[in-house]
Amino acid sequence: MEQGNPLRTMREPALDARGGDGPATDDADEPDNPCDKVVDAIGMRSWQWLLVFLMGVLIAADSAEATLLAYLNVCVGHAFGLSTFKAASVVAVVFAGEIAGAIIAGAVSDEYGRKGVSLVCCAAVAVFGFASAFAPNFSTFVLLRFFVGVGLGSGAVPYDLLAEMIPAASRGRALIWVGVGWAVGTLYTTGMAWLILPRASWRMLAVVCALPTALIFPVLAYALDESPRWLLEAGRTLDAVAVFRRLADKSGAGGDAKVDAAIRAIAADADAPPPKEHPFGVVACKRLAAVLAQWRLSLRVWVIWFSLGAVYYGSTLTIARTFDKNDDDDDVRCRFRYDVIFSIFTASLVGKAIAIQLIDVVGRVRMICAACLAYVAFFLPIAVGVDSFTGRYISLYGVLAGAVVAGSCAWVQIPELYRTEIRSTAHTLAYIVSRFGASFAAYVVEGGLSISTAACILIAAAVAAGGEVGAVRP
């Protein structure tokens, strides 16, 4: 990672002698970054954990909307009398919206701040999610779901906002806790589908899945502050100092001498001239160029994120295909094996629990490599054609848990790889690449190949991710 402006980089856990990364706890690793000094002095207190919880709820709300696609793809197609191919456009349109939203949110958040983008996109998911439940026709429904995708595409921005307020020694575990929300959201939608679809329309399910986002929005609007790290990069030193003081007061560290000294050190630079302003388009292009300038790092990150996008979504699609009832009766096209789907998706919680316990002990790199290895090991029985229900269930349970561990650790790793002023842009590009990986997985699993062949391709993707991650360094 580039060195220079001491405000630019977020301190990462120190790399150990074996090339892994563990928590930075040694006194020799005392940061020289003023932001890190304040964040570390405040520490991981009750307010920081409240922010982790709120972000987890936001991620759960996004996950609920994303998981809803698995049901809408079938139910909406049946309701509007669509062909299977046209019904599949529901998923494609939402992915297109996510890509558009990610492009916009990444550039705008690096230029105008993290908080506003996070709130606007949260509101978009809620408003358009509710509206889609009342769409009178398929064209209107698809348009509204596109804008839901735009809101979902900003998922990296609030994640980066939180990462910039968490001390390095606690960051890995805290961000994995945020990611638990994704598993909870998946189970929430599946549980609601189990409860609602046998008794009511898919429209009711769409309303219920939009509800968590609507409920969390006003709470986030009150609780969130702008990223002080971003404010400093923007030359708004006094605003950053004010945010740090509010953060210290809310955390109960307002009277701490070490915290006050760290904040005063930043305030002492308040008279420094602000950075020269440039038109937004010019700045966005410069940030993109800065990411591309680190082409070796970025290329490896994109290979990892494409592969992990295929690994995760490929596993979920394989689960659905493996345990599909294959019922040809149109009257039951909007019914599912909810008990099997719900139980196997608890593997997401198992994967998150493993990541929480081990990420700051084992390290990001080794965790991703080990998770990819486990993914391969559990997928091999599917690749060689195991045909018993129990064998496939156990294999796919382990596959999903491995995919969740690898993806969770990758989400923690990427904010630590890039400088503050290009972090959201870099994370956004990786997120977009992962969407292409997910689309690739959809063609692999649902494109007419046998499950065994699809498993072999997804195993290759996991090998690619595990192989590349060891070479990634800031």
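Between the Cα long axis of helix 347-362 and the first principal axis of the chain there is an angle of about 30°, rounded to the nearest 10. In the distance distribution for the stretch 140-247, Cα-Cα pairs more than 20 Å apart total 57 percent. Relative to the longest principal axis of the Cα atoms of the chain, the long axis of helix 46-79 makes an angle of roughly 30 degrees.
If you average the sequence gap of Cα pairs under 8 Å that are 6 or more apart and divide by the length of the chain, what percent do you get for the contact order? Could you put the intermediate results ahead of the total?
Numbers: 765 pairs, mean separation 116.9, N = 474.
Relative CO of the chain lands at 25 percent.
Rolling a 1.4 Å probe across all protein chains gives PHE389 an accessible area of roughly 100 Å². The accessible surface of the chain, taken with every protein chain in place and a 1.4 Å probe, is 65 percent carbon and sulfur. Relative to the dominant Cα principal axis of the chain, helix 295-322 is inclined by about 30°. With the highest mean first, a sort of the peptides 289-301, 402-414, 113-125 on other beta-carbon atoms found within 10 angstrom per residue produces 402-414, 113-125, 289-301.
May I ask you to give the solvent-accessible area per residue for the chain, in square angstrom, as obtained with a 1.4 angstrom probe?
Details: 19000 Å² over 474 residues.
That works out to 40 Å² for each residue.
The separation of the stretch 355-395 from the stretch 283-315, counted between C-alpha centres, amounts to 24 Å. Counting only protein chain heavy atoms and rolling a 1.4 Å probe, the accessible areas of TYR312, TYR222 rank, largest first, as TYR222, TYR312. Compared with the direct C-alpha span, the chain from ALA221 to TRP49 gains 60.2 nm at full extension, assuming 0.36 nm per residue. Sorted largest first by accessible area at a 1.4 angstrom probe radius, with every protein chain in place, the residues CYS209, CYS456 fall in the order CYS456, CYS209.
Hey, could you get me the Stokes-Einstein D for the chain, Kirkwood radius over alpha-carbon pairs, 37 °C and 0.692 mPa s, rounded to whole µm² s⁻¹? Diffusion coefficient, whole number: 144 µm²/s.
Accessible area of SER343, 1.4 Å probe, to the nearest 10 Å²? Spelled out: SER343, probe radius 1.4 Å, area about 40 Å².
With 27 Å as the limit, the listed pairs LYS258/LYS352; LYS115/LYS286; LYS258/LYS286 have LYS258/LYS352; LYS258/LYS286 beyond it between alpha carbons.
Give me the number: length gained by fully extending LEU195 to SER452, i.e. 0.36 nm times residue separation minus the C-alpha to C-alpha distance, one decimal in nm.
Working: separation 257, 0.36 × 257 = 92.52 nm, distance 3.29 nm.
Result for the pair: 89.2 nm of gain on full extension.
With a 1.4 Å probe rolled over the protein heavy atoms of all chains, the accessible area of TRP302, TRP194, TRP202 falls in the order TRP194, TRP302, TRP202, largest first.
The values are calculated or read from the model by the stated rules, or taken from the named source; none is laboratory data. From a predicted model like this one, the values you see are computed outputs, not experimental measurements. Cβ atoms come from the backbone with ideal geometry, glycine included; neighbour counts cover every protein chain shown. For the accessible areas, the whole protein counts, side chains as well, though only heavy atoms, and no ligand, DNA or RNA atoms are used. Shrake-Rupley method; radii C 1.70, N 1.55, O 1.52, S 1.80 Å.
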